[in-house]
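Laboratory data are not the source of any read-out in this text; all were calculated from the coordinates shown. Predicted model only: the values in this text are computed from it and were never measured. Neighbour counts run over all protein chains shown; Cβ positions are idealised from the backbone, glycine included.
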Amino acid sequence: MKKIELNDVSVSYIVGDFSNVGLKDVIIQKIKGTYTQKEFEAVSHVTFSVDEGELLGIVGANGAGKSTLLKVISGIMRPTTGTMAVRGSLASLLELGTGFDGDLTVKENTFLRGAMLGYTREFMNDTYQSIIDFAELNDFEDRKFSHLSSGMKSRLAFSIACLVNPEILILDEVLSVGDGAFRKKSEGKMLEIIKGGATTILVSHSLDQIKRMATKVLWLDKGKQIAFGDTQEICERYAEFLRTKTI
Amino acid sequence: MIETIKTQITNIKKHKFLFEELVKRDFKKKYKRTILGMLWSLISPLMQLLVMSIVFTHFFGQNKPHYTIYLFAGNLTYSFFKDSTTGGMNSLMQNSNIITKINLPKYMFLLSKNVASLINFGLTLIIFMIFVAVDGIAFHFRFLMLLYPILCMIIFNIGCGFILSALFVIFKDIQYLYDIFTLMLMYLSAIFYYTDSYSERVQQIFYLNPLYVYIKYIRCIVLDGYIPGIKTHVLCLGYAVIALLVGSLIYKKYNYKFLYYM
């Protein structure tokens with residue numbers, strides 16, 4: 001069964017000075033008739049589908065439109081043209097640090113972030129201790145979040161996020177975080193979820209990781225779909241592309 | 001219509017936990033977990049009241065009975081409106097990093113801000129009632145009717161918050177324009193002066209200002225001792241419903257476009 005289907009999807013951003021201009025300026029420009037709106041196509045004409053239990057890897061240079069595409073699949077943005085279907089419960093971990101508030105304590109932040117990920121209060125009450133244990137933050141529960149080190153922050157963020165149990169999982173460069181020991185632990189945890197049968201979309205700059213894990217690959221460049229299909233073949237082409245690009 | 005309301009209600013239930021956590025966050029941030037923080041939000045309108053009542057009674061010779069209560073009723077309503085709409089206006093932009101990364105209903109952020117303002121308003125209302133008692137106005141069962149304008153105001157403030165927050169996402173200078181607007185509104189809402197001296201015609205014009213209608217309602221109940229007529233009731237609810245309707249339509253239409261400007 002196809003869990004995710006995108007058909008000729010394009011996404012345009014509105015750009016230009018518009019977002020920095022105030023109401024007064026817009027009114028003046030409208031009167032003068034010099035008012036213009038530019039559009040920038042971040043993703044153009046992308047078509048692919050992912051079957052149940054598959055892992056799709058997305059590769060591409062910075063600015064290729066990967067994150068925009070993930071936002072569309074997550075339901076944060078709507079495609080400007082084209083159609084899309086996502087079937088099943090979805091958890092998207094676009095940026096693990098999102099939603100934390102520096103003024104609140106670690107404990108308060110854990111509940112807030114858990115709520116944002118769609119967990120219930122009962123679930124958070126039950127798992128709170130194991131989250132703190134996994135993040136190794138036992139002595140810091142009542143500290144202000146802004147007083148943590150950045151490694152601690154990402155450990156906490158990961159520990160909350162890795163409790164998701166969705167049918168579709170979307171990961172943007174969040175497979176492993178923290179220092180050496182925690183890195184191993186976190187990658188193992190993520191693999192556990194993926195192997196649990198979730199249909200996964202994974203964005204990664206590590207070609208190695210993609211090769212090892214993905215069953216299909218999508219290659220984007222400057223918003224355009226270069227290739228979609230077999231992992232081995234596309235990874236080789238992409239590696240070749242990267243080599244020629246650096247020269 | 002009924003279908004959309006139903007899905008909205010299940011949506012709210014689904015996000016109840018998040019909503020509670022957001023309210024907690026906004027509340028804690030507002031008062032910085034200090035007793036003084038909470039006290040300050042009460043002291044500040046009282047100080048304002050003190051200054052205004054001294055200025056108008058001593059310098060301008062305002063000597064109508066219960067003038068302090070008259071002033072307080074206006075100030076109370078105006079502060080609630082300003083506090084809750086300014087908070088609402090900022091709610092989307094303040095949470096822009098969350099909105100652009102997680103798929104959550106955007107109105108949650110605005111509603112949680114409104115709850116914080118409502119709590120503040122509730123506390124000021126208690127003090128208002130103490131003033132009323134001290135000033136020798138006897139409590140009467142018609143005071144219960146105060147719930148009606150307050151309920152309308154809550155809806156009205158949420159609606160205005162919707163409209164302002166949407167505008168603020170797109171036009172960043174709205175916050176300065178809105179400051180000027182609220183200042184103007186304060187002078188137009190008959191907070192510290194009486195409207196009886198104006199002609200019948202001008203008095204009617206005042207009713208175009210929703211805030212004036214809400215203030216008038218409260219004063220009628222507390223000071224004039226009667227429940228206002230059906231016209232005032234219709235206006236109270238009408239303004240609220242219009243604001244909420246316009247606001248929700250804007251949200252519905254631009255829901256996915258906000259992101260481009262964040």
Relative contact order for chain B using alpha-carbon pairs under 8 Å, separation at least 6, rounded to a whole percent?
26
Calculated from DSSP helices alone, with each H run of at least 4 adding -39500 (n - 2.57) and the total divided by the residues of the protein assembly as shown, [θ]222 nm to the nearest 500 comes to -18500 deg cm²/dmol
Give the whole-number value, in cubic angstrom per residue, of the convex hull volume spanned by the C-alpha atoms of the protein assembly as shown.
200
Angle in degrees between helix B:210-219 and the longest Cα principal axis of chain B, rounded to the nearest 10:
50
Nearest 5 percent is fine: what portion of the DSSP beta bridges confined to chain A is antiparallel?
55
Equivalent ellipsoid dimensions for segment B:18-261 as semi-axes, Å, which come from the Cα gyration tensor, largest first:
33, 21, 17
Can you compute the FRET efficiency between B:Leu208 and B:Leu183 using 1/(1 + (r/R0)^6), with r the Cβ-Cβ distance and R0 = 25 Å? Round to the nearest 0.05.
0.85
B:Asp83: net charge of surrounding residues, Cβ under 11 Å, Lys/Arg +1, Asp/Glu -1, itself excluded?
+3
Can you compute the label reach from A:Asp221? Point 7 Å from Cα along the Cβ direction, backbone N cut-off under 18 Å, restricted to segment A:46-71.
A:46-47, A:58-67
With r defined as the distance between the Cβ atoms of B:Leu42 and B:Lys253 and R0 fixed at 22 Å, what FRET efficiency is calculated, to the nearest 0.05?
0.05
If each K or R counts +1 and each D or E counts -1, the residues other than B:Ala116 whose Cβ falls under 11 Å of its Cβ total +4
How do B:Met93, A:Met1, A:Met116 line up, fewest other C-beta atoms within 10 Å first?
A:Met1, B:Met93, A:Met116
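Give me the number: length gained by fully extending A:Tyr128 to A:Lys2, i.e. 0.36 nm times residue separation minus the C-alpha to C-alpha distance, one decimal in nm.
41.9 nm
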Show me the three semi-axes of the equivalent ellipsoid for segment B:70-214, from the C-alpha gyration tensor (sqrt of 5 times each eigenvalue), largest first, rounded to whole Å.
31, 20, 12
Ranked on Cβ counts within 10 Å of their own Cβ, fewest leading, B:Tyr78, B:Tyr107 go B:Tyr78, B:Tyr107
Going down the list A:Lys107/B:Lys29; A:Lys24/B:Lys252; A:Lys144/B:Lys101, which pairs span over 18 Å between their C-alpha atoms?
A:Lys24/B:Lys252; A:Lys144/B:Lys101
If B:Leu208, B:Leu92 are placed from fewest to most neighbouring beta carbons inside 10 Å, the sequence is B:Leu208, B:Leu92
Projected-area mean, segment A:49-115, by convex hull of Cα positions, square nanometres:
6.7
Plugging the Cβ-Cβ distance of A:Leu207 and A:Tyr35 into 1/(1 + (r/R0)^6) at R0 = 56 Å yields, to the nearest 0.05, a FRET efficiency of 0.80
Candidate cut points under trypsin sites (Lys or Arg not before Pro) in segment B:29-77, DSSP loop plus at most 13 other Cβ atoms within 10 Å of their own Cβ, are B:Lys32, B:Arg33
All other residues with a Cβ under 12 Å from the Cβ of A:Glu236 taken together, and with Lys, Arg as +1 and Asp, Glu as -1, what is their net charge?
0
